[in-house]
Amino acid sequence: MLIRTSLKYESGFIQLDESDTNKNVINIDNVDYFLGYLNPNIKGNKGANSYVFTLTPSQEDREDTYGIPQKVIKISKRSDNFNGRRISRNKKNERFYREMFALLLCKKHKMKNIVKIETRGHIVCKNNYFPFYIMDYASNDLKNFLENNDIDNNERINLCLQVAQGIKEL
């Protein structure tokens, strides 16, 4: 899948346009999605070698710009190569591709407790071709959940067992 976008790309970084949020839109399977930050109070993302943005369908009420997203898009910070006819992998994206294909294998084998990739492809931003994948939105990650919730030892053990089961299935 190839998605053309008008996202800001300056100084080697994809950025959301704070002055015109209508530019923070991508179309996937004929549905427009607004991109947002995972945490509206932090203008950044969690990926070390990638950008992670929320996706909220534009058809939803936009009174609250940071409504409840349905999906998350993870975009590599490094573009692949394009020679005018075809896209070839940038060797610096190998880790991103390994992660993506591991998740695709998990999906194929219907593994539980593992995030599922819905779609993948390239985002085109100012003639740069960035690999991406889309997955369901989760309102929390394990680190934030543990930091922001007072859970007893039994609940912690249960979480550890669920993580271990997910690793075992890998």
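The values are calculated or read from the model by the stated rules, or taken from the named source; none is laboratory data. All figures in this text were calculated on a predicted structure; none of them were measured in a lab. With ideal geometry, Cβ positions are generated from the backbone for all residues, glycine too; neighbour counts draw on all protein chains shown. Ligands, DNA and RNA are stripped out before the accessible areas are found, and what is left, the full protein with its side chains, is counted by its heavy atoms. Shrake-Rupley method; radii C 1.70, N 1.55, O 1.52, S 1.80 Å.
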Worksheet item: Going from the alpha-carbon gyration tensor of the chain, what semi-axes, largest first and in whole Å, does one get by taking the root of 5 times each eigenvalue?
Response: 29, 22, 14
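Give the accessible surface of the chain per residue, rounded to a whole number of Å², with probe radius 1.4 Å and ligands, DNA and RNA excluded.
Here the per-residue accessible area is 64 Å².
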Worksheet item: Loop-only check: which trypsin sites (Lys or Arg not before Pro) in segment 94-155 are DSSP coil with at most 14 other Cβ within 10 angstrom?
Response: Lys110, Lys112, Lys116, Lys126
Worksheet item: In the neighborhood of Asn149, defined by Cβ-to-Cβ distances under 11 Å, what is the net charge if each Lys or Arg adds +1 and each Asp or Glu adds -1?
Response: -3
Worksheet item: When the accessible area of the chain is split by element with a 1.4 Å probe, what percent falls to carbon and sulfur?
Response: 48
